[in-house]
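Following: one structure in structure tokens, then a few remarks.
Laboratory data are not the source of any read-out in this text; all were calculated from the coordinates shown. Quick caveat, the model's predicted, so the values are computed rather than measured. Cβ atoms come from the backbone with ideal geometry, glycine included; neighbour counts cover every protein chain shown.
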């Protein structure tokens, strides 16, 4: 077959897919007309992210969601009804903020309720991504786990300290669910790009534009000039991808599109996904008109080893906090000396009054209005008012609160060293102590080489019929 | 030598977590200021190490000419959400970078 014949045949049979991304976070809301518009523009699927690590380790630690149930259910209702009516799939990733099994079940419960209330019928796939520490210990023994900078090599103890561990699934489990006939896919923890990649790669579209397009739209309208106006429609085809904002007043520009590779990414050109690395260094960004951008030239390089990134959150203690307001000008002008005096006395009294060993607890005194946010990096040091946030962490809640109570008279009355009279600082409420409960930290920054791309994830398919 | 701060000449400087273990900062400039900052060679791992009290060997700096931006990434000094972390989302860390003095490009107003 001649080259020309092949090229024209390819052009005639050019394939493409259009994916509607309504918002960067399920529960974040979107104008309903942007969904109508996306469907009118020919969306072949709706994909939306429902999680992130950005809000901290508590959500993975406890399996609880950050987003308000009512807001999530509201968004899900609009999307589910639109998808079923248009006979296109709906994919939700990283359910319940951290993508734990309970997060998937949480959204699945909402989907079932909505189906009953709205008389919908669809095939539902739930894909679970939690990992057992024992399985990962076996992988560790097999030398299949690697640290990502700046993490150090993993230990069995760290794995076992986690209250929940998830693997970030790539596109394969999601593709498999779609091929099994799923209309609605609720995935546990997945890479930001996996949902879109599953739809596009399944249709044989090229990897470079697929992964780059997926990354560009994963935060919905954040790649447009008006991030709160609504999401986007991504079209991926044989030679590149195009992004169109769903709100008619918003625009995608070459700069807003190119800039999104920088968002929350340590490297602006390369993004590692389970099967390999996206490289956008030679990508070109072209405005097709004042609102629509075309990107070509993204490439994807398959890795030698397919890897799944792990996230794990471990209980590290229990915390209690106290807030006190300082307006006294004399103390404010010597706040460093005051804080040092406070810190020394608290440590002394905890040791003598409670007998708690210094290495079994820790506390933090931060000075809002002075240097709480930037600490030692803060260049400005003038303030007419400082809010002291005292935060203590100990092995159990009772000890944390006992330490806060020992600190209380000092937070209330501590004068500057050598001062003649005793001040009383401004407490906002009684009791002064607030028990924060269990505290968690992210302790895994590692990848594991699985047996297959789907072996770490479990899929359940159910038929829902309330039509 | 006449100086301006990076914050005075940049269109936008933003900071954010890049996952739980890294902070990433983006400096968006116009094309002329991007070239000028590049020529001054002021933005180095040592400078960033000093500004943020981090090991210069861990600092990564990228030039992104397509959007006239410079990206700076380094491991989070305090683990996200830890007792001594006061910025869960890493979103307020651009201030030291914005205050960095840049020799004023010759013949230009700030």
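Please compute, over every Cα-Cα pair in segment A:15-167, the percentage with a separation greater than 28 angstrom.
31 percent
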*Taking N as the number of residues in chain B, what is its alpha-carbon radius of gyration divided by 2.2 N^0.38 Å?*
1.07
*Considering every residue in A:387-398, what mean count of other chain Cβ atoms within 10 Å of its Cβ is obtained?*
1
_Spatial extent of segment A:243-395: Rg and Dmax, with the Cα atoms as the point set, Å_ = 25.6, 72
*asked:* With only alpha-carbon atoms in the gyration tensor, what are the semi-axes of the equivalent ellipsoid for segment A:212-255, in Å, largest first?
replied: 18, 10, 9
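Looking only at other chains, what is the average number of their beta-carbon atoms within 10 angstrom of each beta-carbon in B:11-18? Numbers along the way, then the final one.
Working: counts 1, 1, 0, 3, 0, 5, 7, 7.
Other-chain Cβ atoms within 10 Å of each residue's Cβ, averaged: 3.
Beyond 25 Å, what share of the Cα-Cα pairs of segment A:312-467 remains, rounded to the nearest whole percent?
Working: 5460 of 12090 pairs.
I get 45 percent for the Cα pairs in segment A:312-467 exceeding 25 Å.
Quick one: length gained pulling residue A:302 to residue A:160 fully straight, 0.36 nm per residue minus the C-alpha distance? Please list the in-between numbers first.
Working: separation 142, 0.36 × 142 = 51.12 nm, distance 3.20 nm.
The residue A:302-residue A:160 span can extend by a further 47.9 nm.
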*Please give the length that would be gained between residue A:118 and residue A:152 if that part of the chain were fully extended, namely 0.36 nm times their separation in residues minus their C-alpha to C-alpha distance (nm, one decimal).*
7.2 nm
*With a 10 Å radius around each residue's Cβ, average the other Cβ atoms per peptide and rank A:182-195, A:274-287, A:72-85, highest first.*
A:182-195, A:72-85, A:274-287
_10 Å Cβ neighbours from other chains, averaged over peptide A:266-277_ = 3
*asked:* Just to be sure I understand the model, the point goes 7 Å from the Cα along the line to the Cβ. What's the resulting residue B:35 to residue A:345 distance in nm?
replied: 6.2 nm
*Quick one: in segment A:381-467, what % of C-alpha pairs are over 23 Å apart?*
58 percent
*Residue order, fewest to most beta carbons within 10 Å, for A:339, A:224, B:40*: B:40, A:339, A:224
_Cα-based convex hull volume of segment A:276-354 per residue, rounded to whole Å³_ = 346 Å³
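If N is the number of residues in segment A:333-391, what value comes out of its Cα radius of gyration divided by 2.2 N^0.38 Å? Before the final figure, lay out the partial values.
On the way: Rg = 13.3 Å, N = 59, 2.2 N^0.38 = 10.4 Å.
Ratio of Rg to 2.2 N^0.38 Å for segment A:333-391: 1.28.
Find the Cα radius of gyration of segment A:53-135, compare it with 2.2 N^0.38 Å by division, and give the number to two decimals.
Values: Rg = 13.8 Å, N = 83, 2.2 N^0.38 = 11.8 Å.
That works out to 1.17 for segment A:53-135.
Using just the Cα positions, wrap segment A:408-458 in a convex hull and report its mean projected area in square nanometres, one decimal place.
Values: hull surface 32.4 nm².
Spelled out: convex hull of the Cα atoms, projected over all directions, averaged, 8.1 nm².
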*asked:* For a quick size check, give me the Cα extents of the protein assembly as shown along its three principal axes, largest first, whole Å.
replied: 95, 66, 49
_Burial ordering of A:435, A:117, fewest other beta-carbon atoms within 10 Å first_ = A:117, A:435
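Among A:264, A:118, which comes first, then next, by fewest other beta-carbon atoms within 10 Å? Walk me through the intermediate numbers first.
On the way: A:264 20, A:118 14.
Neighbour counts put them in this order, fewest first: A:118, A:264.
What do the square roots of 5 times the Cα gyration tensor eigenvalues come to for segment A:110-231, in whole Å, largest first, as semi-axes of the equivalent ellipsoid?
Details: eigenvalues 189, 90, 53 Å².
Semi-axes from the Cα gyration tensor: 31, 21, 16 Å.
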